[in-house]
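*Asks:* Sharing a structure here in C-alpha cells format.
Throughout, read-outs are computed from the coordinates displayed, never taken from laboratory work. These numbers were taken from a predicted model, which means no experiment stands behind them. All Cβ positions, glycine included, derive from the backbone under ideal geometry; neighbour counts span all protein chains shown.
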Amino acid sequence: MNDIEIVYLSKPKLKNPILIEGLPGVGNVGKLAADHLVDELKAVKFIDVFSSYFPPQVLVGDDGVVKLVRQEIYYVKKKSPNHDLIILAGDYQGMSPEGQYVLSDRCLDVLEGYNIRRMYTLGGYGVGRMVEKPRVLGAATDTKLVEEMKKYGIVFPKGEPGSGIIGASGLLLGLGKLRDIPGVCIMGETSGYFADPKSAEAVLEILTKILSIKINYTKLEKKAAQIDKITAQLKEMESPTSSPSPDSRSDDLRYIG
C-alpha cells in the first residue's frame, strides 16, 4: 500500500463545486456537521481515501464486518445557485504533522481537478468550559471574505483562536491560499469535553444560509438533548468547593480541530 491510496468509485461532472470539510477534531464539531450534511442532502460518495497516516486499525460494523479506516469524499448536485457541493468527511485525520500536510495537499491535488471555487472547513473551538449558546467564529483567506462572513453572523474576535487552527481545517485553507482557492474556517464554540452536536448545529445554521440550502436538524437536536442530560448529571455531582477559581482556569483547550 502506498502512503495514500485514492480510490475513485465514480468520476462525476460537477459545476463550479464548493468544498466542505468536516473531519474529527475538538468536540467532533466538524465531523458531526459534515456527516449530517451528507445524510440530509443524500450526498453520493465518489472517492475513498486510504492512508498509512491513519491509525493502524479497522472499524467493526454492527453486522460484524470490518472496514479499513478512511476519509470519504461525496458530491451533491444543486439546481440553484450554480454551485455543486463536495463534502470531505471521514474516520480520522492524519496522525502526524507530516501526515496532516501530505493528506491535505493530496486532497487539494485531487479536487483542484474539479475546479473548486471556494472551500469551507468546519471545526470546533475548544474553550474548556461548558457552553450554553455557542458562538460561531471564523477565519478566512482574505479580508473581503472576512467582511462577507460577518454578514452571516460569524464573529472574528481579536486574539481568537489564539493558538491558530490545527489540522485539516487550517491546512486546507493555508495550502489552498497558495493555489488561489479562497476559503473560510467556520468554528463552533465547544467545551471540548464531549462530542458537541449543539455546536455542530450552530455551524450548520450559518453554513446553510451561506450556501442557500435547507436541512432538517431533528437528529442533531436529539443528540444535543442527550449530551445536555449527561452534562446536567455531571453538574449535580460537582461540589461547589471543587470549582476552579477564575485565575486557575486552564486555556489548554483553546484550539481548533
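*Asks:* What ranking of 199, 51, 96, 169 emerges when the number of other C-beta atoms within 10 Å of each C-beta is taken as an exposure proxy, fewest first?
*Replies:* Details: 199 34, 51 22, 96 9, 169 29.
Final ranking by Cβ density, sparse to dense: 96, 51, 169, 199.
*Asks:* Would you work out if the stretch 12-57 is rounded, prolate or oblate? Take a ≥ b ≥ c from the square roots of the eigenvalues of the alpha-carbon gyration tensor; rounded if a/c is under 1.5, else prolate when a/b is larger than b/c, oblate otherwise.
*Replies:* Because a/c hits 1.5 or more and a/b fails to exceed b/c, the stretch 12-57 counts as oblate.
*Asks:* Oh, and also: For the chain, with only Lys/Arg (+1) and Asp/Glu (-1) charged at the beta-carbon, what is the dipole magnitude about the Cα centre, in debye rounded to 20?
*Replies:* I would put it at about 1020 debye.
*Asks:* To check you understand DSSP bridge types, tell me what percent of the beta bridges within the chain (both residues inside) are antiparallel, rounded to 5.
*Replies:* For the chain, the DSSP antiparallel bridge percentage is about 60.
*Asks:* Additional query: Over 21 Å between Cα atoms: which of 11/79; 42/79; 13/77; 77/177; 11/42 fall into that group?
*Replies:* Details: 11/79 19 Å; 42/79 14 Å; 13/77 9 Å; 77/177 25 Å; 11/42 17 Å.
Result: 77/177 exceed 21 Å.
*Asks:* For the stretch 15-29, in order, what is each residue's ³J(HN,Hα) by Karplus, 6.51 cos²θ - 1.76 cosθ + 1.60 with θ = phi - 60°, in whole Hz (x at glycine and Pro)?
*Replies:* 8, 6, x, 9, 8, 10, 10, x, 10, x, x, 4, x, 6, 4
*Asks:* Round to the nearest 10 and give me the degree value, 0 to 90, for the angle of helix 168-178's Cα axis relative to the longest principal axis of the chain.
*Replies:* 50 degrees
*Asks:* Something else about it: Using each residue's phi in the stretch 53-62, evaluate 6.51 cos²θ - 1.76 cosθ + 1.60 at θ = phi - 60° and report the 3J(HN,Hα) Karplus result to the nearest Hz, with x for Gly and Pro.
*Replies:* Computed from phi, the couplings for the stretch 53-62 are 7, 7, x, x, 7, 10, 9, 10, x, 4 Hz.
*Asks:* Among 158, 31, 13, 223, rank each residue by its count of other Cβ atoms within 10 Å, from fewest to most, as a rough exposure measure.
*Replies:* 158, 13, 223, 31
*Asks:* Please report, largest first and rounded to whole Å, the three semi-axes of the ellipsoid equivalent to the stretch 137-199, where each semi-axis is the square root of five times an eigenvalue of the C-alpha gyration tensor.
*Replies:* Gyration-tensor ellipsoid for the stretch 137-199: 21, 15, 10 Å.
*Asks:* Between residue 39 and residue 226, how many nm apart are label points set 7 Å from Cα along the C-beta direction?
*Replies:* 0.9 nm
*Asks:* From the phi of every residue in the stretch 147-159, what ³J(HN,Hα) in whole Hz does the Karplus formula 6.51 cos²θ - 1.76 cosθ + 1.60 yield, where θ is phi - 60° and glycine or proline is x?
*Replies:* Once θ is set to phi - 60°, the couplings for the stretch 147-159 become 5, 4, 6, 4, 5, 8, x, 6, 9, 10, x, 5, x Hz.
*Asks:* Please work out how much length the chain gains when fully extended from residue 216 to residue 11, using 0.36 nm per residue of separation minus the C-alpha to C-alpha distance, in nm with one decimal.
*Replies:* 70.9 nm is the gain from fully extending residue 216 to residue 11.
*Asks:* Gain in length, residue 151 to residue 66, computed as 0.36 nm per residue apart minus the alpha-carbon separation, to one decimal in nm?
*Replies:* Between residue 151 and residue 66, full extension yields 26.1 nm more.
*Asks:* List the residues whose amide H sits under 5 Å from the amide H of residue 120, counting only those 5 or more places along or on another chain, with H placed 1.01 Å from N in the peptide plane.
*Replies:* 19, 20, 21, 184
*Asks:* Right, another one. Suppose each label sits 7 Å from its Cα in the direction of the beta carbon; what would the residue 209-residue 105 distance come out to in nanometres?
*Replies:* If labels sit at residue 209 and residue 105, their model points lie 3.8 nm apart.
*Asks:* By its C-alpha gyration tensor, with a ≥ b ≥ c as the square roots of the eigenvalues, how is the chain shaped: rounded for a/c under 1.5, else prolate for a/b larger than b/c, else oblate?
*Replies:* The shape class here is prolate.
*Asks:* Go through 52, 178, 23 and say which Cα lies farthest out towards the positive end of the charge dipole of the chain; charges sit on Cβ, +1 for Lys and Arg, -1 for Asp and Glu.
*Replies:* My answer, from the dipole projection, is 178.
*Asks:* For labels at residue 177 and residue 57 in the simple 7 Å Cα→Cβ model, what's the distance in nm?
*Replies:* Result: 3.4 nm between the two label points.
*Asks:* Could you line up 203, 184, 49 from fewest to most neighbouring Cβ atoms inside 10 Å?
*Replies:* On the way: 203 30, 184 24, 49 19.
The fewest-first ordering by Cβ neighbours comes to 49, 184, 203.
*Asks:* Classify the stretch 10-142 from the C-alpha gyration tensor, please: rounded if a/c falls under 1.5, else prolate or oblate depending on whether a/b exceeds b/c.
*Replies:* Since a/c stays below 1.5, the shape of the stretch 10-142 is classed as rounded.
*Asks:* Can you list the residues, at least 5 places off or on another chain, whose amide H is less than 5 Å from the amide H of residue 3, using H built in the peptide plane?
*Replies:* The list, which skips near neighbours in sequence, is empty: none.
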